[in-house]
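Encoded as structure tokens, the structure appears first; notes follow it.
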Amino acid sequence: MKRMKSFLLIVFLAVAFVAPAQTITIGEGTGQTTQVPFNTFANYSFTEQLFLASEIEFAGYIKAIKFRIAYSYNTEATTDLNVYLKNTSRSYFSDPSEFEPISSENLVFSGMWTIPANTDDWMTINFDTPFYYNGTDNLLIAIDENSANYDIRYFRYVDVEDLTLSYSDDYINPDPLDLGSFTGLKEVVDQRANIKLVFGPNDGVNEITKTTLTVYPNPANDVLYLEGVHDEMVSVYDVTGRLVMQKYYKDQLPIEHLESAVYMVSTSRGMVKFIKK
């Protein structure tokens, strides 16, 4: 057994660890809308959509999102988007003025997004910066559309209640960082876009695990403790990058059921290696 552990450790150190990709689809509605993920009937729009932890049931780095185009006419459309993601305890919008505050730290994509002509398919927005979703809070996805034109496109959606906030106007461009000053149309919309959340390895993210995440004992037998981690979903991967466990961490992580091997544990503070005896 000692030889096996030594061999696994050598293999683990010889190759770069890659967390597995995982795509989670939320919403399979077939209806068509111009309201979400942003309002294509207005020159300017800003939306906030809530996706609940109970719908996602996963934690990790989100590298991209996909929306389902329903109808895009026979010309391509290019729009100027800013996309923000945030872990939040908010579970609904009760009033059009009750927005969820966001900051520049929540920005994951900024640039032009092109929808080809005659498209009836999923379209991807690849993030500039991967976002860590903690698996316990709800996920807020906010989209700021700044193109100042009517590139009307239809998206597939599902009916929801109080999970989408929409600000739009033909003359006033909502400022995502100062939404309280917006005087245009504000409404809670009972529609939410069908979406795919694309999880993947955290390349491109600073490896904060090297200095901020400590696990002990290491090697461990039955229980692993994560220093500085409280009340969040954590993930454990084997040397092949296969997810072997996801569990809500409060005070300790039981690992007695794992086979003796080398693993990686992933938290909001990053990833770190440990050995199961």
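The values are calculated or read from the model by the stated rules, or taken from the named source; none is laboratory data. These numbers come from a predicted model, not from an experiment. Virtual Cβ from ideal backbone geometry, glycine too; neighbours counted across all protein chains shown.
Tabulated data for the structure shown
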| quantity | calculated |
| --- | --- |
| Strands (runs of 3 or more DSSP E) completely within region 109-227 that count 1 or more residues being β-branched (V, I, T) and within 30 Å of V265 (Cα to Cα) | 122-133, 138-145, 195-200, 214-216, 223-227 |
| Any hit, region 85-92, residues being buried (at least 16 other Cβ atoms within 10 Å of the Cβ) and small (G, A, S) | no |
| Answer from K210, K196 - the residue that is modelled with pLDDT of 85 or more, on the phi < 0 side of the Ramachandran plot and not acidic (D, E) | K196 |
| E100 more than 15 Å from E145 (Cβ to Cβ), under 18 Å from the mean Cα position of the chain (by Cα), part of a loop (DSSP other than H, G, I, E, B) and charged (D, E, K, R) | yes |
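One line per residue, one yes/no per condition, for (1) at pLDDT 95 or above; (2) in contact with a His (Cβ under 9 Å, 6 or more places away or on another chain); (3) surrounded by 15 or more Cβ atoms within 10 Å (Cβ to Cβ):
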site	(1), (2), (3)
G111	yes, no, no
P116	no, no, no
M123	yes, no, yes
F127	yes, no, yes
S147	no, no, yes
R153	no, no, yes
S166	yes, no, yes
